[in-house]
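Chemist: Let me give you the structure first, and then I'll get to my questions.
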Amino acid sequence: MKLPVISLKAKRNSLHPWIFNRMIRHPQKPVKPGALVEVLSKEGEFIGRGIYNKKSNIGIRLLTENASEPLCREFIFRKLEQAKSLREDILGIHKTSDCYRLVHGEADGLSGLIIDKFASVIVVEPYSAGYIDIMNWIVSSLQILYPGSNVAVRPDARNAEKEGVDFSKVAKDYPCPDSVTVCENNLRMKINFRSGHKTGFFLDQRENRFDLSRLCRDKEVLDCFCYTGGFGIAAMLAGARSVTGADLDETALETAQENARLNAVTISYVHIDVFDFLRKMHTNGTRADVVILDPAKLAGCAAEIKRAQRTYGDINRLGMQVIRPGGILLTCSCSGLISEKDFLSILTRSAAEAGVVLQIFKITGAAPDHPFSTIFPEGRYLKAVFARVFPYSGRKLSLQNFLED
């Protein structure tokens, strides 16, 4: 298949799979958004093949830099086969869970594509216009790799706006079922595709849910931003004395109640703004042994970083104030634009403001089915910090002195 040729106007000094619009010499003859193209350097040398979209800030998403590798159905099948091999042959996730992330975008060589497996349902979330015309390649490959599976396409309206295309037809061609029930370790969860965020469930917290649950026996647990209940239910199954889940998403809480019944555990769910809930707990002197803070992404673009840093600071200060001395905090950030170093700095400031000291004993990220690549470090987005929380009992310090010490 002969592809349109796109040339660069600036020298390429990177292996990063994104080429931004400012680096591209856009052809006079229009090339439709999402077209597969061949990319040449400023000097006319072969760079690679990928997805072109002048309407997107990411003008080209490279899929291969191998001149002998064409973009075709076999290319897609090979990438998906390699992705499945990591999850099953190497990681062995299928032995304990029937759900995992199959394709994590750039780390699996398919820039702008997310695919999650939920039992017999495989959900495709395209971030790039380029996958509209080749969706049949993806679906047919998945059906070969997972015979009898139901492949569904679940695009995000914000991605469609960024890409300047309409994903509705491909979503209609491959519709999602209303729901499916999955098993994650000893946890059973109903995934509601009609109301769930992203592809329906946050698989990236699998190991963190398991690790946290082992710390909760005989403990009173507070699961903030509990969504559909994963952390709290895992804690109850591991022997927690009680769990309270708080979230402002009423539909998610309804699913959380269903999931609690599915696992035969009793959890108290509160439909409330988490900030208000924590302030009320602090005022009333109510405390918990374990507090989980797992808010949704707060920084989706550079303009939102400062606001996100303030919000992370506020929620962590409030969370630290309601933990019993020596209790456990699990605090997370899924904002890739907030680095681990910056997140730890935020926690240091929040601890000073709360009058506590954190004893951090583990820092993790996303589950291993969410790998990241050395040429795309942005793929390492999740930060999960496990810590014990102690009142600061030393000399009284100003915040500035605390941070300087």
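Here's the yes/no breakdown for (1) out of contact with any strand residue (DSSP E or B) (no Cβ under 8 Å at 6 or more places or on another chain); (2) closer than 22 Å to Asn284 by Cα:
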{"position": "Lys297", "(1), (2)": "yes, no"}
{"position": "Glu304", "(1), (2)": "yes, no"}
{"position": "Thr311", "(1), (2)": "yes, no"}
{"position": "Ile315", "(1), (2)": "no, yes"}
{"position": "Ser339", "(1), (2)": "yes, no"}
{"position": "Ile346", "(1), (2)": "yes, no"}
{"position": "Leu358", "(1), (2)": "no, no"}
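Chemist: On to the next question. Go through the stretch 197-216 and give me each residue that's in a loop (DSSP other than H, G, I, E, B), surrounded by 23 or more Cβ atoms within 10 Å (Cβ to Cβ) and over 13 Å from the mean Cα position of the chain (by Cα).
Modeler: The one that is in a loop (DSSP other than H, G, I, E, B), surrounded by 23 or more Cβ atoms within 10 Å (Cβ to Cβ) and over 13 Å from the mean Cα position of the chain (by Cα): Cys216.
Chemist: Further question on the same structure: Would you tally the residues in the stretch 57-71 being in contact with a strand residue (DSSP E or B) (Cβ under 6 Å, 6 or more places away or on another chain) and either closer than 14 Å to Lys2 by Cα or not in a loop (DSSP other than H, G, I, E, B) (or both)?
Modeler: 9
Chemist: Is the stretch 331-351 home to any residue that is touching a residue at least 60 places away in the same chain (Cβ under 8 Å) and more than 20 Å from the chain's Cα centre (by Cα)?
Modeler: no
Chemist: Right, another one. Just wondering, is there one or more residues in the stretch 225-234 that are in contact with a His (Cβ under 8 Å, 6 or more places away or on another chain) and either of a type outside the set (S, T, N, Q) or at pLDDT below 95 (or both)?
Modeler: Taking the stretch 225-234 first, the residues in contact with a His (Cβ under 8 Å, 6 or more places away or on another chain) are 227.
With either of a type outside the set (S, T, N, Q) or at pLDDT below 95 (or both) added as a condition, the list becomes 227.
Among the residues of the stretch 225-234, at least one is in contact with a His (Cβ under 8 Å, 6 or more places away or on another chain) and either of a type outside the set (S, T, N, Q) or at pLDDT below 95 (or both), which makes the answer yes.
Chemist: Can you say whether Lys54 is part of a loop (DSSP other than H, G, I, E, B), in contact with a Leu (Cβ under 7 Å, 6 or more places away or on another chain) and of a type in the set (D, E, K, R), as far as the supplied structure shows?
Modeler: No; evaluated as a whole, the condition is false for this residue.
Chemist: Residues being more than 12 Å from Ser7 (Cα to Cα) and either β-branched (Val, Ile, Thr) or without any contact (Cβ under 8 Å) to a residue 24 or more places away in the chain (or both): count how many of those fall in the stretch 31-53.
Modeler: Final tally of qualifying residues: 3.
Chemist: Is it the case that Leu80 is under 17 Å from the mean Cα position of the chain (by Cα) and not assigned by TED's automatic domain parsing to the domain that holds Gly50? Show your work before the answer.
Modeler: Details: under 17 Å from the mean Cα position of the chain (by Cα): no; not assigned by TED's automatic domain parsing to the domain that holds Gly50: yes.
Judged against the criteria, Leu80 is not a match.
Chemist: Let me ask something additional. Would you pick out the residues in the stretch 95-125 that are of a type in the set (D, E, K, R) and either more than 16 Å from Arg380 (Cα to Cα) or in the same structural domain as Leu15 (by TED's automatic domain parsing) (or both)?
Modeler: The answer is Lys95, Asp98, Asp116, Lys117, Glu125.
Chemist: Identify all residues within the stretch 231-244 that are within 15 Å of Ala256 (Cα to Cα), without any contact (Cβ under 8 Å) to a residue 60 or more places away in the chain and in contact with an Asp or Glu (Cβ under 8 Å, 6 or more places away or on another chain); write none if there are none.
Modeler: Ala235, Val243, Thr244
Chemist: Residues that are among the charged types (D, E, K, R), surrounded by fewer than 21 Cβ atoms within 10 Å (Cβ to Cβ) and within 20 Å of Ile305 (Cα to Cα): does the stretch 351-362 have at least one?
Modeler: no
Chemist: What is the number of the single condition among (1) aromatic (Phe, Trp, Tyr); (2) in contact with a strand residue (DSSP E or B) (Cβ under 6 Å, 6 or more places away or on another chain); (3) surrounded by fewer than 19 Cβ atoms within 10 Å (Cβ to Cβ) that Phe277 does not meet?
Modeler: (3)
Chemist: Right, another one. In the stretch 52-74, which residues are touching a Phe, Trp or Tyr at 6+ places or on another chain (Cβ under 8 Å) and closer than 18 Å to Ile132 by Cβ?
Modeler: Hits for the stretch 52-74 are Ile58, Gly59, Ile60, Arg61, Leu63, Cys72, Arg73.
Chemist: Within the stretch 363-383, track down each residue that is buried (at least 16 other Cβ atoms within 10 Å of the Cβ) and part of a helix (DSSP H, G or I).
Modeler: Gly379
Chemist: For the structure I just gave you, tell me whether Ala308 is without any contact (Cβ under 8 Å) to a residue 40 or more places away in the chain and surrounded by fewer than 14 Cβ atoms within 10 Å (Cβ to Cβ).
Modeler: no
Chemist: Run Ser56 past the list (1) at pLDDT 95 or above; (2) buried (at least 19 other Cβ atoms within 10 Å of the Cβ) and report the number of the one that doesn't hold.
Modeler: If we test Ser56 against (1) at pLDDT 95 or above; (2) buried (at least 19 other Cβ atoms within 10 Å of the Cβ), just (1) comes out false.
The values are calculated or read from the model by the stated rules, or taken from the named source; none is laboratory data. Here the structure is a predicted model, which is why all the values come from computation and not from measurement. Using ideal geometry, Cβ is built from the backbone for each residue, glycine included, and neighbour counts are taken over all protein chains shown.
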